[in-house]
């Protein structure tokens with residue numbers, strides 16, 4: 001059972017318990033007729049409701065609320081809430097980098113205004129993000145611990161229920177079933193104290209998952225059925241069917257275990273339809289995986305392979321790497337039945353790699369077992385025995401993994417009270433005193449011996465110290481170089497695998513549709529598809545251009561030919577190229593300085609200006625302005641590109657020019673970026689002997705500046 005399917009309902013619970021729901025009609029009047037706080041609150045409520053089912057509405061309403069907040073000023077609480085809803089919308093749309101960016105903004109403001117409740121909610125979502133998309137359990141647990149801490153401070157019972165249900169899920173996925181049950185019942189107590197009926201449905205769902213993992217299928221089905229009844233009743237009132245869909249998914253899986261294929265198909269068909277209507281790519285890919293399980297059990301192997309490939313394609317598109325292991329494991333099982341042992345082994349090895357990367361111990365153990373069977377059938381008994389032993393060892397040690405031990409530490413947070421804290425502090429102070437007294441006794445006892453040490457021995461220690469220090473410094477420098485090389489390689493493959501593949505998928509999809517239906521499409525539909533193909537092609541070209549520039553800079557093949565250049569002429573040349581992009585968003589472009597003659601490579605200077613001005617347009621709001629200003633700075637000229645866009649949080653700024661930086665935030669109109677532009681700018685500026693930096697205030701805009709030698 002895939003542990004990450006549970007993410008969807010957890011997030012629904014975590015967001016829903018924060019704020020009460022109101023009727024949709026009550027929002028229309030404030031949005032239409034009012035300004036100020038009432039309109040902001042109405043827009044935020046609308047963004048909150050649409051965060052799961054309609055990304056465009058949720059994002060636009062949150063952005064409009066932010067604009068009104070900036071106009072009013074002095075409403076940090078509403079600003080933090082707007083960023084939280086914006087991050088939630090991007091999360092449900094599987095744009096995890098953008099989600100993390102806005103969650104960081106939420107954290108920054110919530111800390112500043114001491115909003116413990118919002119911090120608890122935000123950390124819970126960030127923990128789910130790292131657990132379910134990045135496969136980083138250690139980082140996820142750190143955020144869950146913070147969520148517990150701030151939820152306790154805020155007295156947020158629903159928040160505590162959500163965090164402990166997440167921890168129960170993690171324990172279940174790692175085999176800690178007994179502790180998982182203990183945590184989920186803790187979650188139930190919090191939900192009941194808060195009188196939160198949806199929490200009861202979620203608890204029943206997790207209990208069903210735990211029973212299913214323990215192969216107690218009848219008990220699991222009973223729990224899922226109870227959960228489904230509650231979720232159906234809730235859906236009749238709020239129109240949100242996500243809880244219904246995930247229950248149906250799991251009931252389909254359990255029905256397979258009970259050899260009831262007819263029921264499995266019935267549940268799976270309804271789940272697929274719900275995920276499709278709700279535009280849930282995560283849920284749809286998971287339901288497709290279960291449909292492939294059904295076809296596999298029914299002996300329809302080619303159909304199972306086709307459906308499984310569709311599921312994997314969606315998971316790759318949304319970077320759901322924690323779901324890869326189970327998909328490749330099923331590929332392996334199908335190929336075993338088809339007698340293709342080589343392809344089966346290849347698929348199982350890929351699944352094993354992802355399972356090991358994400359610390360999915362149950363998948364690791366299962367895959368070892370499948371591989372052992374293949375080797376046994378081949379007569380390679382030693383290898384089969386080794387893998388079977390590894391499977392048994394992992395199964396035996398599943399309770400003792402480092403991740404599970406760290407999870408158990410979370411329980412201590414619930415028991416932190418002032419008296420216990422004071423006791424620990426007193427024990428620590430006593431220990432320090434004991435160590436101090438022991439040190440004094442040691443010094444008095446051996447003072448005479450220390451005085452008699454020879455100058456030669458002292459010199460030897462000094463010499464060894466400097467040798468060790470130099471060696472340590474060399475090791476740190478070598479490690480830094482290796483880390484930079486690895487980051488460069490990872491960045492390159494990430495762009496090739498994800499950013500470059502996505503626009504080509506759009507081009508291929510729309511062009512295929514045009515080819516197949518050209519005679520039946522209306523002119524308006526044809527124009528829409530051609531526009532989409534054109535936009536994807538332009539994005540691909542921009543990405544390729546930056547990718548090639550970066551690759552050439554890494555290989556040292558870009559010629560450097562400095563000459564006397566008019567800054568004003570070059571700026572106007574670049575502005576002419578970017579005029580269509582600025583007109584599309586109604587953004588003014590202005591160069592407001594005298595002309596200067598620079599000693600620079602014309603192509604490199606144009607690349608720097610084009611990237612910085614293009615970024616300023618991308619992150620500016622429609623109707624804004626981008627200003628280019630130059631001024632003297634000794635023997636150099638400093639060139640500044642300023643906008644009044646979304647700005648950049650301080651915690652992110654220091655890593656923006658690094659190839660290993662993970663932040664790639666969508667523009668104000670949803671524009672994509674590769675994350676290479678600023679890296680190329682930094683390398684080209686440094687090639688000229690200059691420096692590059694930025695000044696930015698979140699929500700108020702950014703200024704990127706660099707220096708070039710004057711002629």
- Give me a count of the residues in segment 105-120 that are out of contact with any helix residue (DSSP H, G or I) (no Cβ under 6 Å at 6 or more places or on another chain) and touching a residue at least 40 places away in the same chain (Cβ under 8 Å). 1
- Task: Could you please find all residues in segment 132-144 being surrounded by 20 or more Cβ atoms within 10 Å (Cβ to Cβ), at negative phi and touching a residue at least 40 places away in the same chain (Cβ under 8 Å)?
- Result: 132, 133, 137, 141, 144
- Task: Please verify whether segment 153-162 includes one or more residues that are at pLDDT 85 or above, buried (at least 23 other Cβ atoms within 10 Å of the Cβ) and within 25 Å of residue 323 (Cα to Cα).
- Result: yes
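Name every residue in segment 60-76 that is assigned to a helix (DSSP H, G or I) and without any contact (Cβ under 8 Å) to a residue 40 or more places away in the chain, in order of residue number.
Residues satisfying the conditions are 60, 61, 62, 64, 65, 68, 69, 71, 72, 76.
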- Message: Suppose we filter 346, 293 for residues that are more than 23 Å from residue 170 (Cα to Cα), touching a residue at least 40 places away in the same chain (Cβ under 8 Å) and assigned to a helix (DSSP H, G or I); which single one remains?
- Response: 293
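Per-residue answers, yes or no, for (1) free of Cβ contacts under 8 Å to residues at least 12 places away in the same chain; (2) closer than 21 Å to residue 345 by Cα; (3) part of a loop (DSSP other than H, G, I, E, B):
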{"residue": "251", "(1), (2), (3)": "no, no, no"}
{"residue": "254", "(1), (2), (3)": "no, no, no"}
{"residue": "264", "(1), (2), (3)": "no, no, no"}
{"residue": "269", "(1), (2), (3)": "yes, no, no"}
{"residue": "275", "(1), (2), (3)": "no, no, no"}
{"residue": "283", "(1), (2), (3)": "no, no, no"}
{"residue": "286", "(1), (2), (3)": "no, no, no"}
{"residue": "312", "(1), (2), (3)": "no, yes, no"}
{"residue": "325", "(1), (2), (3)": "no, yes, no"}
- Task: Within segment 329-343, track down each residue that is free of Cβ contacts under 8 Å to residues at least 24 places away in the same chain and either within 11 Å of residue 370 (Cα to Cα) or assigned to a helix (DSSP H, G or I) (or both).
- Result: 335, 342, 343
- Give the residues of segment 356-387 that are under 18 Å from residue 174 (Cβ atoms), surrounded by 15 or more Cβ atoms within 10 Å (Cβ to Cβ) and free of Cβ contacts under 8 Å to residues at least 12 places away in the same chain, sorted by residue number. none
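So that you can scan it fast, the table gives a plain yes or no per residue for (1) assigned to a loop (DSSP other than H, G, I, E, B); (2) crowded, with 20+ Cβ neighbours inside 10 Å:
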| site | (1), (2) |
| --- | --- |
| 606 | no, no |
| 613 | no, yes |
| 617 | no, yes |
| 623 | yes, no |
| 629 | no, no |
| 638 | no, no |
| 669 | yes, no |
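Let's see how each residue does on (1) touching a residue at least 12 places away in the same chain (Cβ under 8 Å); (2) within 17 Å of residue 116 (Cβ to Cβ); (3) over 23 Å from the mean Cα position of the chain (by Cα):
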| residue | (1), (2), (3) |
| --- | --- |
| 146 | yes, yes, no |
| 152 | yes, yes, yes |
| 156 | yes, yes, yes |
| 166 | yes, no, no |
| 169 | yes, no, no |
| 183 | yes, no, yes |
| 197 | yes, no, yes |
| 203 | yes, no, yes |
| 219 | no, no, yes |
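Tell me yes or no: at least one residue of segment 258-272 is within 22 Å of the chain's Cα centre (by Cα) and surrounded by 15 or more Cβ atoms within 10 Å (Cβ to Cβ). Give the derivation first.
Of segment 258-272, the ones within 22 Å of the chain's Cα centre (by Cα) are none.
Looking through segment 258-272, none of the residues is within 22 Å of the chain's Cα centre (by Cα) and surrounded by 15 or more Cβ atoms within 10 Å (Cβ to Cβ).
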- Task: Filter segment 171-181 for residues that are touching a residue at least 12 places away in the same chain (Cβ under 8 Å) and on the phi < 0 side of the Ramachandran plot and give the result.
- Result: 171, 172, 173, 174, 176, 177, 179, 180, 181
- What residue, among those in segment 132-141 that are within 21 Å of residue 177 (Cα to Cα) and part of a helix (DSSP H, G or I), is nearest to the chain's Cα centre (by Cα)? 132
- Item | Boolean, residue 197 is surrounded by fewer than 19 Cβ atoms within 10 Å (Cβ to Cβ) and either in the same structural domain as residue 696 (by TED's automatic domain parsing) or at pLDDT below 85 (or both) | yes
- Please determine, by comparing only the residues of segment 578-592 that are more than 19 Å from residue 669 (Cβ to Cβ) and surrounded by fewer than 14 Cβ atoms within 10 Å (Cβ to Cβ), which one is farthest from the chain's Cα centre (by Cα). 592
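The values are calculated or read from the model by the stated rules, or taken from the named source; none is laboratory data. From a predicted model like this one, the values you see are computed outputs, not experimental measurements. Note that each Cβ is placed from the backbone with ideal geometry, even for glycine, and that neighbours are counted across all protein chains shown.
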